[in-house]
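Data first, discussion second: the structure below is written as structure tokens.
Taken together, the values in this text are just the output of simple stated rules run on the coordinates, not laboratory data. In this text the structure is predicted, and so the values were computed from the model without any measurement. Don't worry about glycine lacking a Cβ; one is built from the backbone with ideal geometry, like all the others, and counts go over all protein chains shown.
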Amino acid sequence: MGVDQSKIRNFCIIAHIDHGKSTLADRIIEMTGLLTSREMQDQVLDNMDIERERGITIKAQTVRTVYRSRSGEEYIFNLIDTPGHVDFNYEVSRSLAACEGALLIVDATQGIEAQTLANVYMAIDHNLEIIPVINKIDLPSADPQRVIAEIEDVIGIEAHDAPQISAKLGINIEEVLEQIIAKIPHPKGDPDAPLQALIFDSLYDSYKGVITFCRIMEGTVRKGTQIKLMSTGVVSEVVEIGTFGPGRFIPCDELSAGMVGYIIAGLKNVKDTRVGDTITDAKRPCAHPLPGYKKVLPMVYCGMYPADGAKYPDLRDALEKLQLNDAALQFEPETSAALGFGFRCGFLGLLHLEVVQERLEREFNLDLVTTAPSVIYRIHKTDGQVIELTNPTNMPDPSEIEYMEEPFVSAEIMVTTEYVGPIMTLCQERRGVYLGMEYMEERRAILRYELPLNEIIYDFFDALKSRSRGYASLDYEFKGYVMSNLVKLDILINREEVDALSFIVHADGAYERGRKMCEKLKEEIPRHLFEIPIQAAIGSKIIARETVKALRKDVLAKCYGGDITRKKKLLEKQKEGKKRMRQIGNVEIPQKAFMSVLKLDDQ
Amino acid sequence: MKNKGMNNANNNQRTWKKDLRLYVHVPFCVKKCDYCDFLSGPSDEEGIESYFEALYKEVGSYEGRTGDYKVSTVFIGGGTPSCVRSEYIARLLEELKRVFEFSSGDGSLEPEITIEANPGTVDKDKLADYRKAGINRLSFGLQSTHDRELRLLGRIHTYREFVENYRLARELGFGNINIDLMSALPGQELSSWEETLGRVTELGPEHISAYSLIIEEGTPFYERYGPEGKQKDELISEDLDRLIYKRTREILEKYGYIRYEISNYARPGYECRHNMAYWEGALYLGFGLGAASFIENTRFRNTDSLEEYIKAINYNDRSHKNIMSTNKPEHKNEGLLHDAYGIRRDIIQLSKKDLIEEFMFLGLRMTRGVDRLEFKKRFGVSMDEIYGNILNRLEKENLVITCGGKVRLTDYGIDVSNRILSEFLLDKC
């Protein structure tokens, strides 16, 4: 028999990076008693190394715990963790759709951030009950009253009775748990209706195949049920279902309306189980899929090449393995004259790109060369054809192009008032279109801009942080394609075009960018036995040039006292350095040169 | 018959002794120069004495294990070996001669015994003592004939003092003298260097070492002229550095000095045999702090902690004496490879690949180059089998030249020799 729906609470936590989401999750799990303090690993929810290091959640983690309330009754809490970054907005929205309520954690010393605000609005759109929680009240600079006023003012929700807690020290956590019971509605739904389950995440396990995380909205699923994935049409038999114990899966007999759990149905590819899709009973399907599903598409592309050409098959295997768990990651083989065999990879955004890159390097021990990230440009050719360009190298000849379009986003930047000036300058430099500014309170404002995505994906975050001393936060969403005067900028090293360094840029910024790239490359390319010109060109027109002077002297005058070992080490170092170079014509280019040109902001 | 054969073999062993070179490090100086990164520093008399006591013990520990070798060169380097009292040096040579057999001089060359001496640290008595102790080669660290440049380098002497020392040495009969010079000093102009060369050739030493200054990490010069240094702009340009190098050779050759190694010039017959050993892959044994050795295809160096060196020798010496008497035959088998005091570090047994690489990158430092036949004889494969492709390419780029069965660096090749020598390191063999 099913669980009493009135004793279930499904909720998630919304918080800005560093505001204490994972710590609070830890405390909740601790307080609900399924894990003893000794078993607690710090921050049990974020289980990827990178997540732990960066303090962000990339893959949603979910946990089911049992809480005995002050009234003595036992409640089932399903805490659905949400990714914390703009790149994963869609995943956030699906996680929210699986809940009835959300805890909004705000740092008592910081106040609301742009990212948080965006997610709160999204939660409100999903009709979630929002419980504000003021965290870090133990810090001397905590100002809970200001933050409460800000929440009421900016978001427009009641916050006077918001629990004031310290997740770190475990202060007032019980108050949060009681409010969850009192304020968040229990799930509804008919256990006997046709099955309708929302996929909010999935995971690939090498033994069990795809493990689908879902929220049962209507009906009941059991072992042996023939399920159907409504968007892909895939049909499969359920081999195991269960719930999420902290850090492990607990199999059970059935999942019914209102519950959160996992389904294993012998699927081998996470692409079959897309986040947001609806699972139904193949024999007794529901009438409509759940609303809101969309296929996530990569927004940012870049080339990834193994530093050691022989590792190409290893890179392919590694990407395939990552893709098993990351349906948004796309890749296809490509070849570069400069870098050899590699892959053009598609990502949700720059953070997603960086996370994948780091995982490839760390978990798979690969040394990578990454080309400049590019967005998808839409090229309208004179013959009426429209192509979507993900690799600048493939840009057609300008004579064949009628016009080009580039993706724009609408961006909200939250910033303390003293940095409004520098941030506006930054947005202007990045071709931003100013839409307006609102004051959230005396000291903080939201700037609204429309920005070309390709201006954001290079080093916008870094520039934003450095020009606001870390105080600015950014949220953006894709808005649409806009016609734009774009040109392809090529880099020639020793008069040879280096395909991996070509990129597309707005005509107005081409000169500046070309000049900076040449300067940067001059720093990175070691001197050779001959002079090396570095040029930036649009078509056949050279717009910038630098020269790496020929090496005149590299000799160890003294080799003394018979210490040959030291001498050999010196030569080995030299040879080792050479190994990490890419040969372009007769010029050796260090791999980091390809990456260094991505960071050109000189403020 | 059988017995006779055995005897012959023994006789052969006795007559065919391996050529061995000895290096002794004296890590003391009056004051460390501003550019110097060698193991050296000032010390009080007590420190010097305890060091030499340890040094003699180290030499002594080889007693009974040196039968297969004959010593042809000794080099006492530093630091400034001439800054300590000459008794230490005399006793050192006595010890060496007691423990090692030196080549006699009849039928073969007389052993070359060099000591490094800095102007301002020697006098007539000291030099006479050196002569008496058997030292026949002096290497003077002059660096420059301009007092302004000497001050810049942090040297303690003037040019005048050097000239006095030099004349004294000649008067006392030293017939083989080297003068160390240093070019590419911050702010140096070609004319000042040419003046230095002019004055030195006038004095007419047998050997001249002309190094260009290297800014080494951890020195006061690095603070001033290193990548972060405020005065790095005063360093001379690479073009001037190379011009100086070119002029050095021209001037010195005019006066009869032949460049035989990247930085070394000598009158014919006066090449430093000890230094050549390093480039030729000959055997050498080092004594004292940080001294490097190459014996039985094995490279190692002594610890470079002065405290550790002295402690290890004094501590182990007590137990050592007992062990020595019972274990002697065993150590004898080990020959020079036995580390009596546990002071050796970085012990590396060279593979064939290592030996091949060293043959090339050390041999190419000598202007006569590396010999193809010698290569084949040593390693059983031809040089082209291993390095054919590389040599072809380097030859095409005018970096090496092949002639008369030898391969050597071109003048331009010397300028960028690190680049070239690193090409001779092999991935695998």
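With only the Cα atoms considered, the stretch B:179-221 has a convex hull volume of 72 Å³ per residue. Around the Cα centre of chain A, unit charges on the Cβ atoms of Lys, Arg, Asp and Glu (plus for the first two, minus for the last two) sum to a dipole of about 2300 debye.
Rg over Rh for the stretch B:352-428 works out to 0.92, using Cα positions for both radii and the Kirkwood form for Rh.
Full extension of the chain between A:GLU361 and A:ALA287 yields a length gain of 22.1 nm, computed as 0.36 nm times the residue separation minus the alpha carbon distance.
Residue order for B:VAL381, A:VAL154, A:VAL386, fewest other beta carbons within 10 angstrom first, comes to A:VAL386, B:VAL381, A:VAL154. Within chain A, DSSP assigns beta bridges of which about 85% are antiparallel (rounded to the nearest 5).
If you take the Cα centroid of the stretch B:339-380 and the Cα centroid of the stretch A:239-295, the two points sit 68 Å apart. Relative contact order of the stretch B:169-328: 17 percent, from C-alpha pairs under 8 Å at least 6 residues apart in sequence. For the pair A:SER69 and A:SER231 in one chain, pulling the backbone fully straight at 0.36 nm per residue adds 54.3 nm over the alpha carbon distance. Here the dipole of the protein assembly as shown is about 4280 debye; that uses its Cα centre as origin and unit charges on the Cβ of Lys and Arg (positive) and Asp and Glu (negative).
Considering only beta bridges that DSSP places wholly inside chain B, some 40 percent are antiparallel. Over the Cα atoms of chain A, the radius of gyration divided by the Kirkwood radius equals 1.01; this is the Rg/Rh ratio. In terms of surrounding Cβ atoms within a 10 Å radius of their Cβ, A:ASP475, A:ASP205, A:ASP397 rank from fewest to most as A:ASP397, A:ASP205, A:ASP475. Short-range pairs are left out: with C-alpha atoms under 8 Å and at least six residues apart, the relative contact order of chain B is 14 percent. The dipole here belongs to the stretch B:4-280: it is taken about the Cα centre, uses +1 on the Cβ of Lys and Arg and -1 on the Cβ of Asp and Glu, and is about 920 debye. Given R0 = 51 Å, the distance between the Cβ atoms of B:ILE347 and A:ILE171 translates into a calculated FRET efficiency of 0.25. Which shape class applies to the protein assembly as shown: rounded if a/c is under 1.5, otherwise prolate when a/b exceeds b/c and oblate if not, where a ≥ b ≥ c are the square roots of the Cα gyration tensor eigenvalues? Prolate, because a/c is 1.5 or more and a/b exceeds b/c.
Between A:GLU129 and A:GLY101, A:ALA102, the built amide H atoms are under 5 Å apart, and every one of these is 5 or more places off in sequence or on another chain. Residues whose amide H comes within less than 5 Å of that of A:GLY292, counting only those at least five positions distant or on another chain, are absent (H built at 1.01 Å from N in the peptide plane). Please report the relative contact order for chain A, taking Cα pairs under 8 Å with a sequence separation of at least 6, and give it as a percent rounded to a whole number. Over chain A, the number comes to 10 percent. Each label point was placed 7 Å from the Cα along the Cα-to-Cβ direction; for A:GLU438 and B:ARG148 their separation is 7.3 nm. Of A:ILE423, B:ILE215, the sequence from fewest to most neighbouring Cβ atoms within 10 angstrom is B:ILE215, A:ILE423. Comparing B:ASN418, B:LEU362, B:LEU394 along the charge dipole axis of the stretch B:352-428, the residue lying farthest to the positive side is B:LEU362, per the Cβ-charge model. Averaged over the residues of A:566-572, the number of partner chain Cβ atoms lying within 10 Å of the residue Cβ comes to 5. Modelled spin-label separation between A:GLU240 and A:ARG469, with each label point placed 7 Å from Cα along the Cα-to-Cβ direction: 5.3 nm. Taking Cα atoms only, the orientation of helix A:114-125 departs from the longest principal axis of chain A by about 40 degrees.
Taking the centroid of alpha carbons for each part, the stretch B:139-199 and the stretch B:242-303 are 19 Å apart. Positive end of the dipole of the stretch A:196-340 (Cβ unit charges, origin at the Cα centre): among A:LEU203, A:PRO291, A:ALA310, the Cα lying farthest that way belongs to A:PRO291. For the residues of B:413-420, the average number of beta carbons from a partner chain within 10 Å of their own beta carbon is 6. The Cα-based radius of gyration and maximum Cα-Cα distance (Dmax) for the stretch B:4-280 are 20.4, 75 Å. Only helices enter the 222 nm calculation for the protein assembly as shown: every DSSP H run of n ≥ 4 contributes -39,500 (n - 2.57), and dividing by all residues gives -10000 deg cm²/dmol, rounded to 500. Peptide A:545-554 has a mean of 4 when you count, residue by residue, the C-beta atoms of other protein chains within 10 Å of its C-beta.
Mind checking which of A:TYR476, A:LEU389, A:ILE181 is farthest towards the positive end of chain A's charge dipole, using Cβ charges of +1 (Lys, Arg) and -1 (Asp, Glu) about the Cα centre? The listed residue farthest towards the positive side: A:LEU389. Near the amide H of B:PHE140, within less than 5 Å, lie the amide hydrogens of B:ALA117, B:ASN178, B:ILE179, B:ASP180, all on another chain or at least 5 residues away, with H placed in the peptide plane.
Sequence-ordered 3J(HN,Hα) estimates for the stretch A:444-450 from the Karplus curve with 6.51, -1.76 and 1.60 and θ = phi - 60° stand at 10, 9, 10, 9, 10, 9, 9 Hz, glycine and proline given as x.
When the P(r) of the stretch A:117-200 is calculated, the portion above 23 Å amounts to 36% of the C-alpha pairs.
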